[in-house]
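Heads up, the thing below is written out as structure tokens.
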Amino acid sequence: MPETFTKGMARNIYFGGSVFFILIFLALAFHTEKQIPQLTNESQMTEAVVRGKLVWEQNNCVGCHTLLGEGAYFAPELGNVFERRGGEADFNSFLHAWMGAQPLGIPGRRAMPQFNLTKQEVDDVAEFLEWTSKINNFNWPPNREG
């Protein structure tokens, strides 16, 4: 190896490294895009799920809650609330009761507002939260209660 480091050598290292890492990036991006259908349950997305997502967005639920780790950390994570609060058997009735009881008025506890959602809107949010609970999120959140 020569004792001097020339401009040509530096240029070759720069361009060679750039091409190498661009190829690595493209390969990882391709791999990720290929995995998305397997990790999500997009095939189970129904009109109710889409309507529930719309209710979620219109009422800015993400302004207080997190969903799959995204959102505000003011209120509990809801990515696993479907399993935590009854699953197939009881979740829908739980969500109706919970939404109807708001605000709880417990001293010292932050209050969730009463959104006055219709029965259909609560059913749609329940469908949306059930759908999100079935996404392969690699065991997020790290604890049961979010």
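Before moving on, here are some points about what is shown:
- Scanning segment 91-136 for residues that are loosely packed, with under 14 Cβ neighbours inside 10 Å and within 21 Å of Thr46 (Cα to Cα) gives Ser93, Thr118, Lys119, Gln120, Lys134, Asn136.
- Among (1) under 21 Å from Met45 (Cα atoms); (2) open to solvent by less than 70 Å² (accessible area, probe 1.4 Å); (3) out of contact with any helix residue (DSSP H, G or I) (no Cβ under 6 Å at 6 or more places or on another chain); (4) in contact (Cβ under 8 Å) with a residue 60 or more places away in the chain - the single one Arg84 does not satisfy: (1)
- Members of segment 87-132 found to be under 18 Å from His65 (Cβ atoms), among the small types (Gly, Ala, Ser) and either modelled with pLDDT under 90 or outside any helix (DSSP H, G or I) (or both), listed by number: Ala101, Ala111
- Filter result for Thr46 (modelled with pLDDT under 90 and out of contact with any Ser or Thr (no Cβ under 6 Å at 6 or more places or on another chain)): no
- Scan of segment 8-53 for residues that are closer than 29 Å to Val122 by Cβ and of a type in the set (Asp, Glu), ordered by number: Glu42, Glu47
- Remark: Asn139 matches the filter, which requires a residue to be without any contact (Cβ under 8 Å) to a residue 12 or more places away in the chain, loosely packed, with under 14 Cβ neighbours inside 10 Å and closer than 27 Å to Ser43 by Cβ.
- Residues within segment 4-44 that are surrounded by 10 or more Cβ atoms within 10 Å (Cβ to Cβ) and either closer than 30 Å to Asn136 by Cβ or in the same structural domain as Ile135 (by the TED database) (or both), tallied: 18
- If you go through segment 47-76 and keep only what is in contact (Cβ under 8 Å) with a residue 60 or more places away in the chain, open to solvent by 30 Å² or more (accessible area, probe 1.4 Å) and either touching a His at 6+ places or on another chain (Cβ under 8 Å) or in a strand (DSSP E or B) (or both), you end up with just Pro76.
The values are calculated or read from the model by the stated rules, or taken from the named source; none is laboratory data. What you see is a predicted model, and the numbers here were worked out from it, not measured in a lab. Backbone-built Cβ (ideal geometry, glycine too); neighbour counts: all protein chains shown. These accessible areas exclude ligands, DNA and RNA; they are computed on the full protein's heavy atoms, side chains included. Shrake-Rupley method; radii C 1.70, N 1.55, O 1.52, S 1.80 Å.
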